[in-house]
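Enquirer: Below is a structure I'd like to ask you about.
The values are calculated or read from the model by the stated rules, or taken from the named source; none is laboratory data. What you see is a predicted model, and the numbers here were worked out from it, not measured in a lab. Cβ atoms come from the backbone with ideal geometry, glycine included; neighbour counts cover every protein chain shown.
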Amino acid sequence: MPTYRGLVIFIVTSLGFVSASGIPAFAQAGAPARILVTKAVDDGDLVTRTGNVHPAVSMANDLGRMADDRLLEHLKLQLTRSAERQAARDAYLEELHNPKSANFHKWLSAGEYEQRFGVAAPDVNAVKEWLESHGFTVNATYPNLAIDFSGTAGQVREAFHTEIHNLEVNGERHFANMSDPRIPAALSEVVAGPVALHDFKPRAGVTAKAPRAGYTVGNGYELVVPADLQTIYNMNPVYNAGVSGQGQTVVLLERTDLYANGDWNYFRKALGLTRKFPKGNLQVVHPQPNAANGNNGGPCADPGVNGDDGEAAVDVEWASASAPSATIELASCADTDLNFGAYIAMQNLITQATPPPAIMSLSYIESESENGADGNLYVSELYALAESEGVSMFVAAGDAGADTTDQFAGAATHGINVNGLASTLFDVAVGGTDYGDTFLNEAPVYWNSTNDPSTFESAKSYIPEIPWNDSCASQLIALTVGFPTTYGANGFCNDPSFGEKYFLVVAGGSGGPSACAYGSPNIDGVVGGTCSGYPKPTYQTLAAGNPNDGVRDLPDVAMFAANGVWGHYFVLCNSDPSGGGPCSGSPETWSGAGGTSFGAPIFAGIQALINQATASPQGNPNFFYYLLDNFQASSPGMAACDSTLGKAVNSNCIWHDVTLGDMDVNCLPLKNKKGKVVGTFNCYYPKTNPGVNGVLSLSNSKYEPAYPAIPGWDFATGIGTPNVANLVANWPGSITGASVKK
């Protein structure tokens, strides 16, 4: 393949990035910290912070107001910077990835970031004084993120003018604020609002279980093991060139420990990784806060083992599958009442005095409309700080098609929603695929009939891919079992013997447009009202097929994520009996699973190979992922990289363009807790028979499935899945280009 470095310079110049001599002064040195609190703080002059009520409140059984003396520890008050400092921050993050800029790859420390882009000290003091005037204890300050404080429910009610109630939701006890908080108008330019006044947390994206035989459309199973992954995505030439993650650390952000740390060792040994790559190792850490931020800010308690330990097993094992010689670091913290343990771990890692590890992965899910304006801003600012330090952040796009609010439910009812933990401008959102060999009746072409005795590998080459989709709304599943349509009384989703029995499930690779990063919906959990999405990032304007919609679109890339519907799924070693354990003997007896929770750590491991090959951190790799995709569109061309070609795909392709299938899911109208229909959102079904299952659609009045795979970028699989050898060899600054053989 031709050299790529010159193309990078051409493309970034054509996008309007400035040369080093043209960088605005404010972007080079940082704008001065203008004072934003300019008048006395008056608790009688208030403004409302919308988007701060969790949508589950509307469906909950209200158990009454929380006792005033109930202590709520480590709340977060989100800070906002001045407009000029925001512009300077945003410009600097762009310049970090512009080879023509003097700031290219000039990563900052947390202290430097705070000095350049943080909130002015007098403003921080004004907010602290206001909190203390209401009896709160200020634990720590993060001028580039938030203020950590503690107090009682009564103090929250008195200061923020909202009551916190105890709730029952689907049989579980929770608490939440019942209305949007209000703050003094004098603080409105520097305080966005509380990050969360509720205890609802993001959901894990993986459910480990062995697929049922009746749930597969194909004949038999091909379990995916690390050696299969390495063959299918052409990783072995990189390993043969001496690059397998040596000297790199991949951090998996968790709210739990592993059920047994030895599972990671057993996974590697049983599947041949230890023999081939003996230097890989596992670390488990519980990162504590930087003492400079206060002695009591962001405490990280060991969470022990909880119901999410299967997620942790996925993350550490499959990050090691793609970067087998890397240090795999599980960074876990216990949840607090009001904060998510994985956020605590990340915040503590990126606010230390020393540089954090350069690669992090998160596999949890909460839709933008659920996360709320407060939560979305906190996540976005957290990732932006990480990017400024050179951290590459990978996040699972979700496992619910285009409706992440209703993941794993029996029907999509809230309409199109994307994962708010993955939709920021500062992370790589990883979607999900399945293998298309079963649908194409080509399984013997791509899989050996027996497994390698030392690695259990059976894959022969790259395999055609389709979007991962378990729902009856999948056109490919419907066609395979003899249904020309998915919707309507005679559609597959309403077939009682098969479609309704096995395939009424909101499960598949997620994607869609950012639509509720800001603002507040009129109907809880449904995009609408004052909702708006994150703006379109520069890198996405390079992708052929990415819509001219003005917003951030998901996913960026994709990776195999299926859980058995076409006969393919990942194996997982987790000794927890509730997660399919123990894992002993042949991997065929282990638990099996799927989900984009696998793709995020796998891509994090791939990034470790790139970082090793370039001998440097890369920050947000989307800038070069999309640039390489742009180059590929002209040479060797999109048609030559069509995934459906399988082993005949052009050997120079960096990305496999998935063009067959869809990620559509089944849907129904939304009902309130009394069973009354609230509305129909992105759900198409014939109006002559409204009682039947519909399918998620861009329109309620006609069939526009959300979303199909098409040539170029699409909402189902982004720019596609990687040929890792080509990706590493063509990365700017890679030292392996000449030695990686195709």
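Enquirer: Which count do you get for residues in the stretch 512-521 that are under 25 Å from Asp664 (Cα atoms) and either without any contact (Cβ under 8 Å) to a residue 60 or more places away in the chain or of a type outside the set (A, V, I, L, M, F, W, C) (or both)?
Expert: So in the stretch 512-521, the residues under 25 Å from Asp664 (Cα atoms) come out as 512-517, 521.
Now narrow it down to the ones that are either without any contact (Cβ under 8 Å) to a residue 60 or more places away in the chain or of a type outside the set (A, V, I, L, M, F, W, C) (or both): 512-514, 521.
Qualifying residue count, the stretch 512-521: 4.
Enquirer: Another question about this same structure. Within the stretch 222-229, does at least one residue satisfy the condition of being within 25 Å of Ile344 (Cβ to Cβ), surrounded by fewer than 24 Cβ atoms within 10 Å (Cβ to Cβ) and modelled with pLDDT under 95? Before you say what the answer is, go through the steps one by one.
Expert: Keep residues of the stretch 222-229 that are within 25 Å of Ile344 (Cβ to Cβ), which gives none.
The answer is no; no qualifying residue exists.
Enquirer: Okay, moving on. If you scan the stretch 116-136, which residues turn out to be under 24 Å from Ile350 (Cα atoms) and either surrounded by 15 or more Cβ atoms within 10 Å (Cβ to Cβ) or touching a strand residue (DSSP E or B) at 6+ places or on another chain (Cβ under 8 Å) (or both)?
Expert: Residues satisfying the conditions are Arg116, Phe117, Gly118, Val119, Ala120, Asp123, Val124, Val127, Lys128.
Enquirer: I'd like to know if the stretch 171-180 contains one or more residues that are over 27 Å from Asn348 (Cα atoms), assigned to a strand (DSSP E or B) and either touching a residue at least 12 places away in the same chain (Cβ under 8 Å) or of a type outside the set (A, V, I, L, M, F, W, C) (or both). I'd like the intermediate steps shown before the answer.
Expert: Filtering the stretch 171-180 for residues over 27 Å from Asn348 (Cα atoms) gives 171-173, 178-180.
From what's left, assigned to a strand (DSSP E or B): 172-173.
Going one step further and asking which of them are either touching a residue at least 12 places away in the same chain (Cβ under 8 Å) or of a type outside the set (A, V, I, L, M, F, W, C) (or both), we end up with 172-173.
Yes, the conditions are met somewhere in the stretch 171-180.
Enquirer: A further question on this structure: Please tell me if Gly262 is among the small types (Gly, Ala, Ser) and at pLDDT below 95.
Expert: On the way: among the small types (Gly, Ala, Ser): yes; at pLDDT below 95: no.
In short, no.
Enquirer: Of all residues in the stretch 678-725, count the ones that are at pLDDT below 95 and within 30 Å of Ile654 (Cα to Cα).
Expert: 0
Enquirer: With the requirement that a residue be in a loop (DSSP other than H, G, I, E, B) and surrounded by 24 or more Cβ atoms within 10 Å (Cβ to Cβ), what does the stretch 540-563 give you?
Expert: Those that are in a loop (DSSP other than H, G, I, E, B) and surrounded by 24 or more Cβ atoms within 10 Å (Cβ to Cβ): Pro555, Asp556, Ala561, Ala562.
Enquirer: Quick test for you: out of Gly567, Gly580, Gly592, pick the one residue that is at negative phi and in contact with a strand residue (DSSP E or B) (Cβ under 9 Å, 6 or more places away or on another chain). Walk me through how you get there before you give the answer.
Expert: Details: Gly567 fails: at negative phi; Gly580 fails: at negative phi.
Of Gly567, Gly580, Gly592, the one residue that is at negative phi and in contact with a strand residue (DSSP E or B) (Cβ under 9 Å, 6 or more places away or on another chain) is Gly592.
Enquirer: For the stretch 565-582, which residues satisfy the criterion of being in a loop (DSSP other than H, G, I, E, B) and modelled with pLDDT of 90 or more? Quick ask: steps written out before the conclusion?
Expert: Start the filter on the stretch 565-582 by keeping residues that are in a loop (DSSP other than H, G, I, E, B), which leaves 565-567, 573-576, 580-582.
Correct list: Val565, Trp566, Gly567, Cys573, Asn574, Ser575, Asp576.
Enquirer: May I ask you to list the residues in the stretch 613-664 that are farther than 28 Å from Ala386 by Cβ and of a type in the set (Ser, Thr, Tyr)?
Expert: Ser634, Ser635, Ser643, Thr644, Ser651, Thr659
Enquirer: Just give me the residues in the stretch 168-188 being of a type in the set (D, E, K, R) and either crowded, with 18+ Cβ neighbours inside 10 Å or touching a strand residue (DSSP E or B) at 6+ places or on another chain (Cβ under 8 Å) (or both), in sequence order.
Expert: Within the stretch 168-188, the subset of a type in the set (D, E, K, R) is 168, 172-173, 180, 182.
Passing the criteria: Glu168, Arg173, Asp180, Arg182.
Enquirer: Which of the following residues is farther than 30 Å from Leu377 by Cα, modelled with pLDDT of 95 or more and among the small types (Gly, Ala, Ser): Ser423, Ser474, Ser449, Ser454? Spell out the reasoning first.
Expert: Details: Ser423 fails: farther than 30 Å from Leu377 by Cα; Ser449 fails: modelled with pLDDT of 95 or more; Ser454 fails: modelled with pLDDT of 95 or more.
Exactly one of Ser423, Ser474, Ser449, Ser454 is farther than 30 Å from Leu377 by Cα, modelled with pLDDT of 95 or more and among the small types (Gly, Ala, Ser), namely Ser474.
Residue-by-condition table, conditions (1) among the hydroxyl-bearing types (Ser, Thr, Tyr); (2) surrounded by fewer than 24 Cβ atoms within 10 Å (Cβ to Cβ); (3) over 22 Å from the mean Cα position of the chain (by Cα):
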| residue | (1), (2), (3) |
| --- | --- |
| Phe631 | no, yes, yes |
| Ala640 | no, yes, yes |
| Cys653 | no, no, yes |
| Val665 | no, no, no |
| Lys673 | no, yes, yes |
| Gly679 | no, yes, yes |
| Ser701 | yes, yes, yes |
| Phe715 | no, no, no |
| Val724 | no, no, no |
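Enquirer: Can you give me the ranges of the strands (runs of 3 or more DSSP E) entirely in the stretch 315-421 with at least 1 residues that are surrounded by fewer than 24 Cβ atoms within 10 Å (Cβ to Cβ)? Step through it out loud before you land on a result.
Expert: Numbers: elements: 327-332, 359-362, 392-396.
Per the criteria, 327-332.
Enquirer: So the check is Cβ under 8 Å with 6+ separation or different chains; which pairs have a first residue in the stretch 471-484 that's under 16 Å from Tyr707 (Cα atoms) and in contact (Cβ under 8 Å) with a residue 40 or more places away in the chain and a second one that's aliphatic (A, V, I, L, M) and part of a helix (DSSP H, G or I)?
Expert: Pairs found: Ser471/Ile477; Cys472/Ala478.
Enquirer: Then there's this: Checking the condition outside any strand (DSSP E or B) and in contact with a Lys or Arg (Cβ under 9 Å, 6 or more places away or on another chain), which residue from Pro278, Pro303 passes? Even if it seems obvious, please write down each step before you answer.
Expert: Working: Pro278 fails: in contact with a Lys or Arg (Cβ under 9 Å, 6 or more places away or on another chain).
Matching residue, one of Pro278, Pro303: Pro303.
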